[in-house]
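The values are calculated or read from the model by the stated rules, or taken from the named source; none is laboratory data. Keep in mind the model is a prediction, meaning the values are calculated, not measured. Note that we place each Cβ from the backbone using ideal geometry, even for glycine, and neighbour counts take in every protein chain shown. All accessible areas refer to the heavy atoms of the entire protein, side chains included, with ligands and DNA or RNA removed. Shrake-Rupley method; radii C 1.70, N 1.55, O 1.52, S 1.80 Å.
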Amino acid sequence: MALVPYDETHLGGMQKLHKQSSVYSFANHTIQIKQNWKQLGVAAVVWDAAVVLCTYLEMGDVDLRGRSVIELGAGTGLLGIVAALLGAQVTITDREATLAFLKSNVQANLPTDLQPRAEVKELTWGQNLASFSTREYDFILGADIIYLEETFADLLQTLDHLSADHTVILLSCRLRYERDQNFLTMLKGIFSVREVHYDPGNDIHIFKAQRNSRKGEL
């Protein structure tokens, strides 16, 4: 979500982030995602957490067909595109500065007949939440959106606002720092949270969260 670039001297072997595009295969489609590190920083590259969550969704443990989904901090749009290809009606969100870039990826990768399944919409966490229904979404998706501590309270407020009792939150992330664990502790104050998948090759965790009122059903 954030547009603050990482320090390139610490990226090591992550040259792939500086490529102008990356190609993926999900849901029987080839997806070519444009990247723009120099202009938009971390918001405009595909992170491993997104690929891992796409793979998890494609595995079939989660049935998205006909379900209402919202993606937070979408960046390049890969995750939302895959959710639409898997049959969901998706609202793909990020900050205003990224929307033109995000829309271009969505339009380029969804067949014409599937375009109506995806809406790109501005959402800055913690702001103007009244324009988003509190009971509309079956799933909330987020990939690598837990990393800036100053956004944690706004992110939690946004998740709380968007979640009905039936809503399932799936967050994919690499736990880099103690502050990332602190966010999970904050999340557990409102939701029942458990880890549902771990990719050791990429060191990516996927957490499932749902309102505490449905704790017994998780």
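Scanning region 160-170 for residues that are touching a Leu at 6+ places or on another chain (Cβ under 8 Å) and under 19 Å from A50 (Cα atoms) returns I169, L170.
Within region 112-132, the residues that satisfy the criterion of being open to solvent by less than 80 Å² (accessible area, probe 1.4 Å) and touching a residue at least 24 places away in the same chain (Cβ under 8 Å) are L114, R117, A118, V120, K121, E122, L123, T124, W125, G126, L129, F132. Based on this model, can you work out whether T93 counts as open to solvent by 10 Å² or more (accessible area, probe 1.4 Å), in contact with a Phe, Trp or Tyr (Cβ under 9 Å, 6 or more places away or on another chain) and not charged (D, E, K, R)? Considered against the rule, which asks whether it is open to solvent by 10 Å² or more (accessible area, probe 1.4 Å), in contact with a Phe, Trp or Tyr (Cβ under 9 Å, 6 or more places away or on another chain) and not charged (D, E, K, R), T93 comes out as no.
From the list G87, G12, G41, the one residue that fits, being on the phi > 0 side of the Ramachandran plot and modelled with pLDDT of 90 or more, is G87. The residues on offer are E178, E149, E136, E195, and the sole one that is among the acidic types (D, E), touching a strand residue (DSSP E or B) at 6+ places or on another chain (Cβ under 8 Å) and closer than 21 Å to D48 by Cα is E195. Is it the case, given these coordinates, that S192 is of a type in the set (G, A, S), touching a Leu at 6+ places or on another chain (Cβ under 7 Å), assigned to a strand (DSSP E or B) and free of Cβ contacts under 8 Å to residues at least 40 places away in the same chain? So S192 passes the test. Counting only helices (runs of 4 or more DSSP H) that sit completely within region 23-113, those holding 1 or more residues that are over 16 Å from I140 (Cα atoms) and among the charged types (D, E, K, R) correspond to 37-40, 48-58, 99-109. Scanning region 163-183 for residues that are of a type in the set (F, W, Y) and outside any helix (DSSP H, G or I) yields a single hit, Y177.
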